[in-house]
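Take a look at the structure set out below.
The values are calculated or read from the model by the stated rules, or taken from the named source; none is laboratory data. None of the values given here were measured: they were computed from a predicted structure. As a convention, Cβ positions derive from the backbone with ideal geometry for all residues, glycine included, and neighbour counts pool all protein chains shown. Protein only, heavy atoms only, side chains kept; ligands, DNA and RNA dropped before computing areas. Shrake-Rupley method; radii C 1.70, N 1.55, O 1.52, S 1.80 Å.
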Amino acid sequence: QRAVSLLLSGNPQVVPIPASADRNDRQAAALAGSAWEEYAERKNMGAKNRKALTLSCVTGTSIYHTCWNPQSGPKTSTGKGEWSFEGEVEIQVLTPWEFWIDPFADSVSNAQWAASRRLVGLERLQSLYPEMTKELEQIAMTSTEVTSRRSRAFSGSGISFDSLTPNDNQNSPKCVQVVDFWERPSKKFPKGLRIYAAYHGAQAVLLHKE
């Protein structure tokens, strides 16, 4: 933890670099910087950076998982007791046990395939895939069940496994393990391949494939 504290003591910042010296590019970079500062404060990126550095010190690896969350960001009422979200970018820190990559790749950018695993709130998945409501209910589990099991493995390390709880819905009593797999275009898959599935033990539910 001392090493992590030393690394963070300098208060590292994200600084967008203009694409050129052109006035419009400089203004765009300044705007991007302001947008990031607001997002980082609202999403508590400081805590996520600390977790990523701690994982790196303990395991040698940490991953920032960046995706689009359609059920986040500014919301407006639909007038029927429900809310409509604009969506926004979501950043989570994954442990090495939540991310797999092509073993022959030396970086994510040239990997032929990769996959990530995380917990998603049951209610969110059921709202996105209403036709799978019953199947998802059967493989759902409590977030504390998984979190406590992983936490025991790192007792005393200082690592907080908040990424293993359903970040999209912290109040959700149940969640589902999902795997997001993608493969680059190849002879076998000319357009590439993406599989999004939920699972628990030997049970699996295919949610999306393209």
Which length gain, in nm to one decimal place, applies between H200 and F85 when the Cα-Cα distance is subtracted from 0.36 nm times their residue separation?
38.5 nm
Under 9 Å from the Cβ of R117, count the other residues' Cβ atoms, weight Lys and Arg +1, Asp and Glu -1, and hand me the total.
-1
Please give the solvent-accessible surface of Y64 in Å², to the nearest 10, using a probe radius of 1.4 Å with every protein chain present.
100
Which one, L122, P70, G33, projects farthest toward the positive side of the charge dipole computed for the range 16-148 from Cβ point charges (K/R +1, D/E -1)?
G33
Any idea how far apart A29 and S77 come out in nm if each label point goes 7 Å out from Cα toward Cβ?
4.4
Find the centroid of the Cα atoms in the range 92-111 and in the range 47-90, then give the distance between the two in whole Å.
19
Not counting ligands, DNA or RNA, and with a 1.4 Å probe, what is I17's accessible surface area in Å² rounded to the nearest 10?
140
May I ask you to list the GluC sites (Glu not before Pro) in the range 57-118 that are in a DSSP loop and have at most 15 other Cβ atoms within 10 Å of their Cβ?
E82, E86
Heads up, the range 1-56 by the C-alpha gyration tensor (a ≥ b ≥ c square roots of eigenvalues; a/c under 1.5 rounded, else a/b over b/c prolate, else oblate) looks prolate
Roughly what would the spin-label model give for E131 and W36, points 7 Å off Cα along C-beta, in nm?
4.1
Hey, what do the phi angles of the range 178-187 turn into as Karplus ³J(HN,Hα) couplings, whole Hz, using 6.51/-1.76/1.60 and θ = phi - 60°, x for Gly and Pro?
10, 10, 10, 10, 9, 9, 5, x, 8, 5
To make sure I understand the rule: partners must be lysines, Cα under 24 Å from the Cα of K209, and not fewer than 8 residues away in the same chain. Which ones qualify?
K134, K187, K188, K191
Tell me which of S5, A52, A21 sits at the most positive position along the dipole axis of the range 1-152, charges placed on C-beta atoms (Lys, Arg +1; Asp, Glu -1).
S5
Could you order K75, K191 by accessible surface area, starting with the largest, using a probe radius of 1.4 Å?
K191, K75
Taking R0 as 45 Å, what's the FRET efficiency between L6 and I139 from their Cβ-Cβ distance, rounded to 0.05?
0.55
Could you tell me the relative contact order of the range 27-90? Use alpha-carbon pairs under 8 Å, at least six residues apart, and round to a whole percent.
22
Averaging sequence separations of C-alpha pairs under 8 Å and six or more residues apart, then dividing by the length of the range 38-132, give the relative contact order as a whole percent.
20
Based on the Cβ-Cβ distance from S20 to Y64, what FRET efficiency comes out when R0 is 30 Å, to the nearest 0.05?
0.65
Would you check the accessible area of W100, probe 1.4 Å, heavy atoms only, in square angstrom rounded to 10?
100
